[in-house]
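Visitor: One structure, pasted below without further comment.
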Amino acid sequence: MKSYVAKPGSVESKWYVVDADGQTLGRMASQVAAILRGKNKPVYTPNVDCGDHVIVINADKVVLTGKKLDQKIYRRHSGYVSGMKETPYRRLLATKPELVVYEAVRGMLPHNSLGRTMIKKLRVYKGAEHNHAAQKPEAIELVK
């Protein structure tokens, strides 16, 4: 008996909507990353982009447990000498909640060209409105 290996052209992707209201950031991000990778499908192949499109709404209502709002820091570097910028998650969640969810999911995807194509299937919105109604996304309930 031979194993099934998915081909890049034969995989069809669906659209899902995830409501982040009251969800813990890390738990939600790991489940969204699994959907983006395609691990929820029986045709999952590690070297092929088998994943689905995911729309995350209410990103500003995501929850961090413990003291992470004050202790966790988002860091970026401009590439120049002493170009390190640091922002605590409390301020980042108040100003750019989409970036908080985006970076959490991106960190759980493969760090190669396949991961860069998978992250393009993620859309994150601050409020409850999104402009992807034409794709007929299905609402999916994540485990808390």
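The values are calculated or read from the model by the stated rules, or taken from the named source; none is laboratory data. Every value quoted in this text rests on a predicted model; they were computed, and no experiment measured them. As a convention, Cβ positions derive from the backbone with ideal geometry for all residues, glycine included, and neighbour counts pool all protein chains shown. SASA here: full protein model, heavy atoms, side chains in, ligands and nucleic acids out. Shrake-Rupley method; radii C 1.70, N 1.55, O 1.52, S 1.80 Å.
Visitor: Taking Cα atoms, how many degrees apart are the long axis of helix 25-37 and the longest axis of the chain, rounded to 10 and kept between 0 and 90?
Guide: Rounded to the nearest ten degrees, it is 30.
Visitor: Quick check for me: using +1 on Lys/Arg Cβ and -1 on Asp/Glu Cβ, what's the dipole size of the chain about its Cα centre, in debye to the nearest 20?
Guide: Charge dipole of the chain: 440 debye, to the nearest 20.
Visitor: Going by average Cβ neighbours within 10 Å, how do the peptides 46-54, 86-94 rank, with the highest at the top?
Guide: Answer by packing, highest mean first, reads 46-54, 86-94.
Visitor: Next up: Give me the accessible area per residue for the range 4-144, probe 1.4 Å, as a whole number in Å².
Guide: 60
Visitor: Going 7 Å from the Cα of residue 87 in the Cα-to-Cβ direction, what parts of the range 101-124 have a backbone nitrogen less than 15 Å from that spot?
Guide: Label zone hits: 101-104.
Visitor: Compute the label zone of residue 68 within the range 78-103: residues whose backbone N is under 16 Å from the point 7 Å along Cα-to-Cβ.
Guide: 88-94, 97-103
Visitor: Quick check: the angle from helix 97-106's long axis to the longest principal axis of the chain, C-alpha only, nearest 10 degrees?
Guide: The angle comes out near 50 degrees.
Visitor: Separate question: If you roll a 1.4 Å probe over the range 1-126 with all protein chains in place, what percent of the accessible area is carbon or sulfur?
Guide: Carbon plus sulfur share of accessible area: 52 percent.
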